[in-house]
Amino acid sequence: MGWLFSQANNRKKQRHIGARLETPKVLRLFLETIEPLQAADDTDADPMKTLDQRVGWHRLLQVKPGLEVR
């Protein structure tokens, strides 16, 4: 019984470590998303077009599945 608890606890730790490694990447992408939106707002440009040109809509969609709550 103790072995099962230990195994489950180790899996939980591994998931936590994986999430910690992804956090800086996600925050960097968030910043890279905010900057073009702010620039578009400052210049009265189309925010979606600016975002697509500078970050890429496809890039945001690629990251989305990894951000969903597990």
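So, in the stretch 47-58, how many residues would count as being surrounded by 13 or more Cβ atoms within 10 Å (Cβ to Cβ) and of a type outside the set (A, V, I, L, M)?
Summing the residues that are surrounded by 13 or more Cβ atoms within 10 Å (Cβ to Cβ) and of a type outside the set (A, V, I, L, M) in the stretch 47-58 gives 5.
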Taking the condition part of a helix (DSSP H, G or I), more than 15 Å from the chain's Cα centre (by Cα) and modelled with pLDDT of 90 or more, does Thr50 pass?
-> yes
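How many residues are more than 16 Å from Gly56 (Cα to Cα) and either modelled with pLDDT under 95 or in contact with a helix residue (DSSP H, G or I) (Cβ under 9 Å, 6 or more places away or on another chain) (or both) if we restrict to the stretch 31-44?
Here the count works out to 2.
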Looking across the stretch 37-61 at residues that are without any contact (Cβ under 8 Å) to a residue 12 or more places away in the chain and among the polar types (S, T, N, Q), the single one that is farthest from Lys25 (Cα to Cα) is Thr43
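The values are calculated or read from the model by the stated rules, or taken from the named source; none is laboratory data. What you see is a predicted model; the values in this text were computed from it and never measured. Cβ: placed from backbone, ideal geometry, glycine included. Neighbour counts: every protein chain shown.
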